[in-house]
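Below: the structure, in structure tokens.
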Amino acid sequence: MPDSKRARETSLTPRLEQKLILTKTEKFYLNILSTPIHLLKEKYLPVMEVEDYAVAYSEDLHQVLVGLLPFLGLSDNDEKIAEYIIYNIDSRGKIRISAEEIAENFGIDISHAQELIELLLTEFSEEISQNTGGQFNEYVEPDVIITPEKVEVLRIEVKDPIIMKALEMRAETLYKICDEIRKVNEYFLRGYRRYPQILTMRHLSKTISLHTSTISRAVKGKYASTPIGTLPLRLFFGKIINPQIVKNEIQRLLEIDNTLTDAHLALILKSEGINISRRTVNKYRKQVSTATKEGKA
């Protein structure tokens, strides 16, 4: 191995080791960053809310989940059934109605009713577990307000200077993340697009100079009050939007005009906030066509 290369690798080693070792203060800051605001209030009471910040509208957990249904790509009938199931989730996060009762009420197969129950419990597991059980909250309290024009992080004030500094760093981190969400999703927040622009944490980390693990901690369990409703921050992150949503949109567009080319479909989907390639559109188009033919057979 050349001396220059060996020297370069040797010089990097201490830096990598240092990143893996956190001081007690750094661990404390990360813990504050990871904690939702309603738990911070409980832990550090008495607190004084900053008066010059707008108050976010808190929504019932059921309302939040119903607001997220359009992002699951369900049919209109399945979405109605899913809404019925959501309003039958109790304070322990359990379904108060059986698959048999759902099947009888809506005239569907028991297996299909069970699939919908499992889908909701899986897709919304984070929201349900965080807001039910031992720490049940009647309302989901947002940590940040995001509008097309600005971002406001809800803050609390405490007397302890170390805790206050950690809270300020938390607010600064959340602001950086949410302001980028706001810039990328302005059309979605204004209601011009049906779906949010999905971000990857790796791309965002390069844009705002934060480590992906820091972004992950900041986003986990946090909610944003938006003009669309109270949304979990995790909704804005991922690799690709739910494939079923894309298929449903392609089918809807083809029912309006079946002469649309793959390129035209990709362009229309992009205007709705769904960024996929023409090749992917073609793949989903074939699947939609096959499913339609089988349904008519």
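The values are calculated or read from the model by the stated rules, or taken from the named source; none is laboratory data. Predicted model, so just to flag it, every value in this text is computed and none were measured. As a convention, Cβ positions derive from the backbone with ideal geometry for all residues, glycine included, and neighbour counts pool all protein chains shown. Please note that ligands, DNA and RNA were not included when accessible areas were found on the heavy atoms of the full protein model with its side chains. Shrake-Rupley method; radii C 1.70, N 1.55, O 1.52, S 1.80 Å.
Numerical summary
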| quantity | calculated |
| --- | --- |
| Amide proton proximity set for I156, modelled H, under 5 Å, gap of 5+ | none |
| Scaled radius of gyration (Cα, divided by 2.2 N^0.38 Å) that segment 207-297 gives | 1.40 |
| Rounded accessible area per residue of segment 243-292, 1.4 Å, Å² | 56 Å² |
| Sorted peptide list for 141-150, 75-84, criterion being average Cβ within 10 angstrom, highest first | 141-150, 75-84 |
